[in-house]
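Below is one structure, written out as structure tokens, with a few remarks after it.
The values are calculated or read from the model by the stated rules, or taken from the named source; none is laboratory data. All figures in this text were calculated on a predicted structure; none of them were measured in a lab. Please note: Cβ atoms are built from the backbone with ideal geometry, for glycine as well, and neighbour counts cover all protein chains shown.
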Amino acid sequence: MKFFLDTADLNEIEEAASWGALAGVTTNPSLYARIGGKVADFENHIARICEVVDGPVSAESVAMTRDEIIADGIRLAAIAPNVVVKVPTMIEGLAATRALSERGIKVNMTLCFTVPQAILAARSGAAFISPFVGRFDDISEDGISQLYDVVQAIGNYDFGHDVEIIAASVRSANHVAQAALMGADIATVPFNVLKKCVEHPLTDRGLESFLADWEKVKNA
């Protein structure tokens, strides 16, 4: 499974990239707003992310009609070769995704919650489909089981193009582990969750023991 970082923070992206495990980035207007981003600098900011990341960078359209989403997608895709246009799962989004994919522009269909939505997204030409896990957990439903259903359903068919399933809205390292076990292609995670994937108490205990033993060797 590949790791995408869900952020617009360049410092986080550069740090994660230095670990050698970062395969891509997903962004959205909320994440950009959190770092104090300005509309006038948005495209330049996406370009800077694309320079750091050797992989897909999802930049989200904020339009609501198909023609506006298509125009947004064409503009965003022109920023860098690795830009993927993020489009919401809705009727206008499906129509825009078809038009963009026919132009060779990759689309990440986001805000996907059901198997029928995922199949429609794949049929429209989406290269990535993002079922949201955490949003189900927020309403006391099982987001992991919904993700499992999407992974299984998409794997049943040949859509004529590559379709990758992104486990999105991931809130914990346990979510990542479950997504990997069921065969999700990608997990898109906040930086703090990516760090949690590295950490474990037994690793910390082992390091403490190793360092203590090494001190004994040095002092012998």
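Could you list all residues from the range 30-42 that are surrounded by fewer than 16 Cβ atoms within 10 Å (Cβ to Cβ) and either assigned to a helix (DSSP H, G or I) or among the polar types (S, T, N, Q) (or both)?
Matches in the range 30-42: SER30, ALA33, ARG34, VAL39, ALA40, ASP41.
Can you tell which of GLY93, GLY73, GLY104 is at pLDDT 95 or above, surrounded by fewer than 19 Cβ atoms within 10 Å (Cβ to Cβ) and either outside any strand (DSSP E or B) or within 19 Å of the chain's Cα centre (by Cα) (or both)?
Sole residue among the options that is at pLDDT 95 or above, surrounded by fewer than 19 Cβ atoms within 10 Å (Cβ to Cβ) and either outside any strand (DSSP E or B) or within 19 Å of the chain's Cα centre (by Cα) (or both): GLY104.
Within the range 170-200, track down each residue that is under 15 Å from VAL151 (Cβ atoms), touching a residue at least 24 places away in the same chain (Cβ under 8 Å) and not β-branched (Val, Ile, Thr).
HIS175, GLN178, ALA179, ALA180, MET182, GLY183, ALA184, ASP185, ALA187
Restricting the range 123-142 to residues that are among the hydrophobic types (A, V, I, L, M, F, W, C) and crowded, with 24+ Cβ neighbours inside 10 Å, which is modelled with the lowest pLDDT?
It comes out as VAL133.
Report yes if ILE79 is over 18 Å from the mean Cα position of the chain (by Cα), surrounded by fewer than 22 Cβ atoms within 10 Å (Cβ to Cβ) and of a type in the set (Val, Ile, Thr), otherwise no.
Considered against the rule, which asks whether it is over 18 Å from the mean Cα position of the chain (by Cα), surrounded by fewer than 22 Cβ atoms within 10 Å (Cβ to Cβ) and of a type in the set (Val, Ile, Thr), ILE79 comes out as yes.
Of the numbered conditions (1) in a strand (DSSP E or B); (2) free of Cβ contacts under 8 Å to residues at least 12 places away in the same chain, PRO116 fails exactly one; give the number of that condition.
Result: PRO116 fails condition (1) only.
Looking at ALA80, ALA122 in this structure, which one is among the small types (Gly, Ala, Ser) and part of a loop (DSSP other than H, G, I, E, B)?
Matching residue, one of ALA80, ALA122: ALA80.
So that you can scan it fast, the table gives a plain yes or no per residue for (1) charged (D, E, K, R); (2) surrounded by fewer than 21 Cβ atoms within 10 Å (Cβ to Cβ); (3) under 18 Å from the mean Cα position of the chain (by Cα); (4) within 24 Å of ARG98 (Cβ to Cβ):
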residue	(1), (2), (3), (4)
ALA153	no, yes, no, yes
PHE159	no, yes, no, yes
GLU164	yes, yes, yes, yes
ALA167	no, no, yes, no
ARG171	yes, yes, yes, no
LEU181	no, yes, yes, no
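I need every pair where a residue in the range 29-49 that is closer than 14 Å to LEU10 by Cα and in contact (Cβ under 8 Å) with a residue 24 or more places away in the chain has its Cβ under 8 Å from the Cβ of a residue that is surrounded by 11 or more Cβ atoms within 10 Å (Cβ to Cβ) and among the aromatic types (Phe, Trp, Tyr), sequence separation at least 6 or different chains.
Sorted first by the residue in the range 29-49, then by its partner, the pairs are TYR32/PHE42; HIS45/TYR32.
Tell me which residues, restricted to the range 1-16, are farther than 16 Å from ILE166 by Cα and either surrounded by fewer than 17 Cβ atoms within 10 Å (Cβ to Cβ) or of a type in the set (Ser, Thr, Tyr) (or both).
LEU10, ASN11, GLU14, GLU15
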